[in-house]
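Notes follow once the structure below has been shown.
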Amino acid sequence: MPAVSKGDGMRGLAVFISDIRNCKSKEAEIKRINKELANIRSKFKGDKALDGYSKKKYVCKLLFIFLLGHDIDFGHMEAVNLLSSNKYTEKQIGYLFISVLVNSNSELIRLINNAIKNDLASRNPTFMCLALHCIANVGSREMGEAFAADIPRILVAGDSMDSVKQSAALCLLRLYKASPDLVPMGEWTARVVHLLNDQHMGVVTAAVSLITCLCKKNPDDFKTCVSLAVSRLSRIVSSASTDLQDYTYYFVPAPWLSVKLLRLLQCYPPPEDAAVKGRLVECLETVLNKAQEPPKSKKVQHSNAKNAILFETISLIIHYDSEPNLLVRACNQLGQFLQHRETNLRYLALESMCTLASSEFSHEAVKTHIDTVINALKTERDVSVRQRAADLLYAMCDRSNAKQIVSEMLRYLETADYAIREEIVLKVAILAEKYAVDYSWYVDTILNLIRIAGDYVSEEVWYRVLQIVTNRDDVQGYAAKTVFEALQAPACHENMVKVGGYILGEFGNLIAGDPRSSPPVQFSLLHSKFHLCSVATRALLLSTYIKFINLFPETKATIQGVLRAGSQLRNADVELQQRAVEYLTLSSVASTDVLATVLEEMPPFPERESSILAKLKRKKGPGAGSALDDSRRDPSSHDINGGVEPTPSTVSTPSPSADLLGLRAAPPPAAPPAPSGAGNLLVDVFSDSPAAQPGLGPSPEEAFLSPGPEDIGPPIPEADELLNKFVCRNNGVLFENQLLQIGVKSEFRQNLGRMYLFYGNKTSVQFQNFSPTVVHPGDLQTQLAVQTKRVASQVDGGAQVQQVLNIECLRDFLTPPLLSVRFRYGGAPQSLTLKLPVTINKFFQPTEMAAQDFFQRWKQLSLPQQEAQKIFKANHPMDAEVTKAKLLGFGSALLDNVDPNPENFVGAGIIQTKALQVGCLLRLEPNAQAQVQWSEERGEGMQSVGGQAPQPVCGTLSRQQQQQPPWPQLQRHQPPSCAWLLSPQHQVAGSGYLGPVDGLFCFLLWLPWL
Amino acid sequence: RFMLLFSRQGKLRLQKWYLATSDKERKKMVRELMQVVLARKPKMCSFLEWRDLKVVYKRYASLYFCCAIEGQDNELITLELIHRYVELLDKYFGSVCELDIIFNFEKAYFILDEFLMGGDVQDTSKKSVLKAIEQADLLQEEDESPRNDPEEMGLANPSQ
């Protein structure tokens, strides 16, 4: 029966649609639409009251226009009117319009909610379903607030029709996903679980979705669902294909329900009850067996549905990871799919096998498919399938097959799609390093990488090869020989020149014995590339040249000639010019001994987690695009506060990348075990604040009013981020959601502070039982006293209340106090825990100091626990003014003209607490090229953490009046290169290495006079 | 997360979002995704990773049906979900074609709503979904007697 006749009365609409379709151009279409809009507008405004039918028709036209991509700014009211119509179709169109087009116009929402309420109460199942659909489609918070309490009731009511139950379950699911706090748990939850036993398959299907989502948050409440799900699954799996009638899909019984049940089971560990477990294993085996049976239908739908269940079963087996037998069977099954003619199946098989490879039971089984996977990498026509194959090869790689896999991936790289090249490069680099048995293979591999895909070899990769070669003397000679050969290619990638330049500069002497690679040959080979290279590479080569002067005195004259050339000495680039000038002077002024010291071979690098691995993790993170979005979103969130945008380089916002770079893994210079060590503390101001430890009781002042910490929920996930905004700032908005805004104003003097908290009710409804309290987790009550004044327990809609806090810092502290806000809104209890923006630096008093004082004190503070150092990457452009403002906000004085390098920031201050005062010195060294800042803090009181009296600040000031350069100038160069210290007379006073370690800087220094 | 129907010419025919997304973002996503999907060749697999989502799509004649799902969701069953929806449309309209969906877009939405809700399957039985729709149609027919006003005949239409 042609559908057009089915209940279709809206000819006007059909005419309009075909008009639009007949429009020859975009302009004609817009013209036609505008005409229609004007027509509808006049009809709506007209004096003649429209009947339901016309209203429906016009609303429908508007909807169509909207779906064509045009904006609609009227008609909402008419749509809402349709909701209260008794005619089904009018109601239906009204709901459709609203669910597609509703905006959070509060006036309208109330009307809509009213209509929905009526329909929910109507006991007409069709109307109830429409209303439930509308709630689910809109799913806004307002709707949630209005109906979250009713829907569970409808869901478990004995007299609800099946179709209503289905809609109610899914509607509730939707609301729960949108705002979980609105859906109250209660006795209905137990009854929802029993819907798994319902006669009606549709109800079961809907209920499983709901339970799967709910049980993730409250696994214990829904524990009983496991055995019910297993028995349901077992009944479906063992049923004949016709038993379930209309729920059989192409001879597969209830595929959707089966998949959902298997999903649900993945929320829990394997069942403990032996009987249940036995039954489940039987089910899983049945599914695996069925996969071997001949298909009941040739239709792709049959096999898809069957395989959907199979893949979900395999996911469950992998999730349990405890049944070796099943794991191996799963792997064999996937192995068959690897050669299936359906691309979809090959894709999915590669994907699931990737997770199987990480299970100890099936790793070996996965490995047997290596040839097939390699073949897939070579022959698949679809890039997304090839990508999966590459992932799987990476996952199945171990020592036994590393060489084969790496060479295959290298071969693939030559033809790989540009989009995935960098990832493949990283993977090859990691595998080569991780499974290298002999390092000459490793060196070969990386050089091959550079040769094949030089553009995609990131700094991390070639830094890493330098580190490894530097640290292992057994490979240095081989590396020198190999790079020398590689450089002989007429065209080689710039990264190759960098690696080659560095390695020859260090280890060129190891191959100098061979006349084919004698020092002059090495030099002229490198220098032949010089002019084609970028500034950074040229700078590196200049460092290689000066190293050559030390390694091979016979090249000195030639190299000095090169350095002396006008093109170097007067180079427009400052870095190159400076290097040329200094290296030339160094080579002519310094004695051979000094040269040998300064230009000594690099010391081994400290071992750390590979930065390449970190980079891969970052790349694989949640979508490359979302990372960008984050950085874009970040500034705006600061803007709300209307303050200066903080440069995270100075504020404590921990950049996620810094984490991955393994900074945490490296032990911080000052890490005393004392729980509240000041050394730790300074590190922590610059990193994220540690999670508050619950424990001990409330503060004495609050003992009777405030709930114990065990009643306080954990701080909200954003608490740290919110706190970080206030490290360098005293005023602003601490928190804001749809209900509540909390503003902060605070001032601090010495060890005292006063804070005003402003709680604004953003809704139009009164908050009841409003009680904000301050809680001191852990030892904090002995460290910080906070007195709070009580506030009125009711906050009217739109009103703001103020709370005053008096704060006294008793001694140094690490964790901020918690602010717990509870109130009832519309009958529902709300609670919220934040971190109060009180950090130790609020009690930081600036101190002025002359350069000499500063450095003398700095030197005195040399015990490890007196120093904290952190190198971090700047997330924002480093602007000196912004940084300055931040440091001042941090609390220290900024000392000008102290550090010889004007780029660096130097500060001093005293942390004031009731028990003791701690002097602190601070240096921040921005490195604009690497976007890295190096900050150091030293505090003389730090060793007193154990409870000793602080060292008098001036006690030993005069001890160090020695004849030594006050603050030697540090010459630094781009990585990787050496650096040395020059005394004011420009004599070399010490040498060191300043180079990249995992993409950051490491500075090692030898001072002859120390 | 969302479901889109669009034609080979890149015209959007139906969109359904199961997660609050701003209008601007929606338009951007639709444009981007259409480009990606339309560029794929027929023999390629029906799944692709896009942003942080998985996209499952299938082409029926000139229409692409496209679903975005989350990482751990089952791809094959989603593919069959699309097929079941097409079957429903087909059964309802009687050998469905793109024009049916254009002219009866509201019906296409109703059927989808009856089948999927909040992004989850509500009922997988073809019969019960169609029964619900037919019931609704029945109600509609009772409501309405044939009408004969001039605009219905397209007479009030200025372009004719």
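The values are calculated or read from the model by the stated rules, or taken from the named source; none is laboratory data. These numbers come from a predicted model, not from an experiment. Note that each Cβ is placed from the backbone with ideal geometry, even for glycine, and that neighbours are counted across all protein chains shown.
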* Asked: Name the residues in the stretch A:129-152 that are in contact with a helix residue (DSSP H, G or I) (Cβ under 7 Å, 6 or more places away or on another chain) and within 19 Å of A:ALA190 (Cα to Cα), would you?
  -> A:ALA148, A:ASP150, A:ILE151, A:PRO152
* Structure fact -> When restricted to A:LEU62, A:LEU50, A:LEU37, A:LEU108, the only residue more than 10 Å from chain B (Cβ to nearest Cβ), hydrophobic (A, V, I, L, M, F, W, C), surrounded by fewer than 17 Cβ atoms within 10 Å (Cβ to Cβ) and in a helix (DSSP H, G or I) is A:LEU108
* Asked: Is it true that A:LEU155 is at the interface with another protein chain (Cβ under 9 Å from one of its Cβ atoms), in contact (Cβ under 8 Å) with a residue 24 or more places away in the chain and assigned to a helix (DSSP H, G or I)?
  -> no
* If only one of A:LEU132, A:LEU96 is within 13 Å of A:LYS56 (Cα to Cα), in contact (Cβ under 8 Å) with a residue 12 or more places away in the chain and assigned to a helix (DSSP H, G or I), which one is it? -> A:LEU96
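Looking at A:VAL786, A:VAL791, A:VAL821, which one is aliphatic (A, V, I, L, M) and surrounded by 22 or more Cβ atoms within 10 Å (Cβ to Cβ)?
A:VAL786
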* Asked: Looking only at the stretch A:234-268, which residues are over 20 Å from B:GLN122 (Cβ atoms) and in a helix (DSSP H, G or I)?
  -> A:SER234, A:ARG235, A:VAL237, A:SER238, A:LEU265
* Of all residues in the stretch B:45-63, count the ones that are out of contact with any Lys or Arg (no Cβ under 7 Å at 6 or more places or on another chain) and closer than 30 Å to A:LEU262 by Cβ. => 13
* B:SER62 is checked against (1) closer than 23 Å to A:ASN137 by Cβ; (2) within 17 Å of the chain's Cα centre (by Cα) and fails just one. What number does that condition carry? -> (1)
* Structure fact -> Picking from A:ILE154, A:ILE109, A:ILE116, A:ILE211, the residue that is modelled with pLDDT under 85 and not polar (S, T, N, Q) would be A:ILE109
* **Flag for A:ASN448 being in contact with an Asp or Glu (Cβ under 9 Å, 6 or more places away or on another chain), of a type outside the set (A, V, I, L, M), over 19 Å from A:ASP391 (Cβ atoms) and in contact (Cβ under 8 Å) with a residue 12 or more places away in the chain** => no
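Report whether or not A:ALA157 is within 24 Å of B:ARG1 (Cβ to Cβ) and among the hydrophobic types (A, V, I, L, M, F, W, C).
Here the answer is no, as A:ALA157 does not meet what is asked.
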* Please go through the stretch A:735-756 and pick out each residue that is closer than 27 Å to A:ILE910 by Cα and surrounded by 15 or more Cβ atoms within 10 Å (Cβ to Cβ). => A:VAL744, A:SER746, A:PHE748, A:ASN751, A:LEU752, A:GLY753, A:MET755
* Quickly run through the stretch A:347-368 and pick out the residues that are in a helix (DSSP H, G or I) and among the small types (Gly, Ala, Ser). => A:ALA349, A:SER352, A:ALA365
* For the stretch B:44-160, which fully contained helices (runs of 4 or more DSSP H) count at least 1 residues that are at pLDDT 80 or above, within 29 Å of B:LEU19 (Cβ to Cβ) and facing another protein chain (nearest Cβ under 9 Å)? -> B:75-93, B:98-103, B:105-115
* Asked: Quick check, is B:CYS97 closer than 20 Å to A:LEU68 by Cα and hydrophobic (A, V, I, L, M, F, W, C)?
  -> yes
* Does the stretch A:379-386 include one or more residues that are part of a helix (DSSP H, G or I), more than 14 Å from chain B (Cβ to nearest Cβ) and either out of contact with any strand residue (DSSP E or B) (no Cβ under 9 Å at 6 or more places or on another chain) or more than 28 Å from A:HIS302 (Cβ to Cβ) (or both)? -> no
* Would a scan of the stretch B:22-33 turn up a residue that is part of a strand (DSSP E or B) and either away from chain A (no Cβ under 11 Å) or of a type outside the set (Ser, Thr, Tyr) (or both)? -> no
* Just for the stretch A:319-375: of the residues that are basic (Lys, Arg) and farther than 16 Å from A:LEU393 by Cβ, which one is surrounded by the most Cβ atoms within 10 Å (Cβ to Cβ)? -> A:ARG329
* Name the pairs: first residue in the stretch A:542-566 and at positive phi, second residue among the basic types (Lys, Arg) and surrounded by 19 or more Cβ atoms within 10 Å (Cβ to Cβ), Cβ to Cβ under 8 Å, at least 6 apart or on different chains? -> none
* Asked: Would it be correct to say that A:TYR412 is of a type outside the set (A, V, I, L, M, F, W, C) and either free of Cβ contacts under 8 Å to residues at least 12 places away in the same chain or more than 20 Å from A:VAL457 (Cα to Cα) (or both)?
  -> no
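Quick grid of which residues meet (1) in contact with a Pro (Cβ under 8 Å, 6 or more places away or on another chain); (2) on the phi > 0 side of the Ramachandran plot; (3) within 9 Å of another protein chain (Cβ to nearest Cβ); (4) not in a helix (DSSP H, G or I):
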| site | (1), (2), (3), (4) |
| --- | --- |
| A:ARG123 | no, yes, no, yes |
| A:MET128 | no, no, no, no |
| A:ASN137 | no, no, yes, no |
| A:ALA146 | no, no, no, no |
| A:CYS171 | no, no, yes, no |
| A:ASP181 | no, no, no, no |
| A:PRO184 | yes, no, no, yes |
| A:VAL204 | no, no, no, no |
| A:SER209 | no, no, yes, no |
* Asked: When the residues of the stretch A:65-93 are filtered to those that are assigned to a helix (DSSP H, G or I) and within 22 Å of A:LYS35 (Cα to Cα), which remaining residue is nearest to the other protein chains (Cβ to nearest Cβ)?
  -> A:LEU67
* Quick one: would you say B:TYR18 is more than 8 Å from every other protein chain (Cβ to nearest Cβ) and of a type outside the set (Val, Ile, Thr)? -> no
* Asked: Just one of A:ALA429, A:ALA479 is aliphatic (A, V, I, L, M), more than 27 Å from A:SER528 (Cβ to Cβ) and not in a loop (DSSP other than H, G, I, E, B); which is it?
  -> A:ALA429
